[in-house]
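Following: one structure in structure tokens, then a few remarks.
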Amino acid sequence: MTDRRYQERAFDDVMSTVEFRVAERPHITVDTEICRSCTTKACVHACPADLFVPTSEGGILFNYEQCFECGTCYQICNNEGAISWSYPDGGHGVVFRKG
Ligand code: SF4
Ligand code: SF4
């Protein structure tokens, strides 16, 4: 059985090692019109940074500013065109300072 407390500590440890240099241009954009008809909302559970938030109207709110750039949302989304991905501009995005 997985020790949830261990997982939470490990996540906090990871978060303490990173810094986000937020770029003006979002490196991920989400077409919320496509999301409205999505039945799985897989991104909500898959994103390790909890950046996809379902709305009570069936839509999705997304904030790119604390994105780890792991690519999981792009891989798991089954609706073509819902997520547009590019890397942040040079010197921006997630920076791992140690570990
Ligand atoms: S990003 Fe993809 S998986 Fe997430 S709600 Fe939109 S269509 Fe669904
Ligand atoms: S790339 Fe990773 S951290 Fe960034 S929004 Fe997608 S799943 Fe979340």
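Kindly provide the pair-distance distribution of the chain built from C-alpha pairs, with 5 Å bins from 0 and whole-percent values in order of increasing distance.
2, 12, 21, 21, 18, 13, 9, 3, 0
Output the relative contact order of the chain, whole-number percent, from Cα pairs under 8 angstrom with separation of 6+ residues.
Numbers: 130 pairs, mean separation 40.0, N = 99.
This gives 40 percent for the chain.
Coordinate-derived values only; no laboratory data. These numbers come from a predicted model, not from an experiment.
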